[in-house]
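Below: the structure, in structure tokens.
Readers should treat all values here as calculations from the given coordinates under stated rules, not as data from a laboratory. Since the structure is predicted, the reported quantities are computational estimates derived from the model, not experimental observations. Quick reminder, even Gly has a Cβ in these numbers, built from the backbone with ideal geometry, and neighbours come from all protein chains shown.
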Amino acid sequence: MRIFILVIGLFYLSGGTLLFAQSSTLDEDFAQLVDWFEGRFDNAAQVEHERAARAATPHDHQQWIFRRVEMPKFGRYVFLAVQRSATDTTHVLQRRVYRFLPNFDVMEIEMNLFDLGQRTLSDQQLRRLDVGDLPLVPGCEVFWHREQDHFTGESRQGECYGYLSDRQRVQIDWIMKISATAFEYAEQIKNRQGQLVGGYPRTNPYHYQRKEE
């Protein structure tokens, strides 16, 4: 009986140590991801390469700006995310709020996307917002995990839906990658027949390089 109890005790101790190690790793990954996320990214190199190669489906010149903001009711790690044209920086393609949370159930970093539409809000206005003030579509979360020298973030395929301007219901899938020097973004928008009606497939993403301010 004593041997049996000892074995069970060792089993629980081992399991607890493993869980602690996994949690520590996720915490470390989380700290690295949010550190890399802030910055400005530009795909000028991709545009030039495709122009020289006369690519059949060239990407337009864009920028992403990720800036950490204080929004106490959303959490501690919140970023303002702005995607805009690089040739006309007043042309904003999308403006969102990204919230990062460690998800210990799946041992990944969860990113929630809140849509700001075309609203331009000051830091003071953002700080006053409540979570219910911005639309959040369930199922459109992006989950990040480390892969050697970068992080990959993906939405759960078949779980995120939205509507186009013509009220057509579409499925949206995201895949993103970020490292110390670069950001990669692909957004697939498919209709009910599974046809790509917007965005770029994951096989042909946007490649952005980090730019120093």
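Overview of values
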quantity: Three semi-axes of the equivalent ellipsoid, segment 53-146, Cα gyration tensor, whole Å, largest first; calculated: 26, 20, 11
quantity: Under 18 Å from the Cα of Lys73 - aspartates and glutamates, other chains or at least 8 residues apart; calculated: Glu110, Asp115, Asp123, Asp130, Asp133
quantity: Amide H contacts of Ala182 (H built 1.01 Å from N, under 5 Å, at least 5 apart or other chain); calculated: Arg210
quantity: Around Asp115: net Lys/Arg minus Asp/Glu count, Cβ-Cβ under 10 Å; calculated: +3
quantity: Prolate/oblate/rounded label for segment 130-201 (Cα gyration tensor, a/c 1.5); calculated: oblate
quantity: Filtered trypsin sites (Lys or Arg not before Pro), segment 81-125: DSSP coil and at most 11 other beta carbons within 10 Å; calculated: Arg119
quantity: Over the chain: helical MRE at 222 nm, DSSP H runs n ≥ 4 each giving -39500 (n - 2.57), nearest 500; calculated: -8000 deg cm²/dmol
quantity: Magnitude of the charge dipole, segment 2-211, Cβ model with Lys/Arg +1 and Asp/Glu -1, debye to 20; calculated: 380
quantity: 10 Å-binned pair-distance histogram of the chain (Cα, whole percent); calculated: 7, 28, 34, 18, 7, 4, 2, 0
quantity: Reachable lysines from Lys211, criterion Cα separation under 20 angstrom, eight or more residues apart if same chain; calculated: Lys177
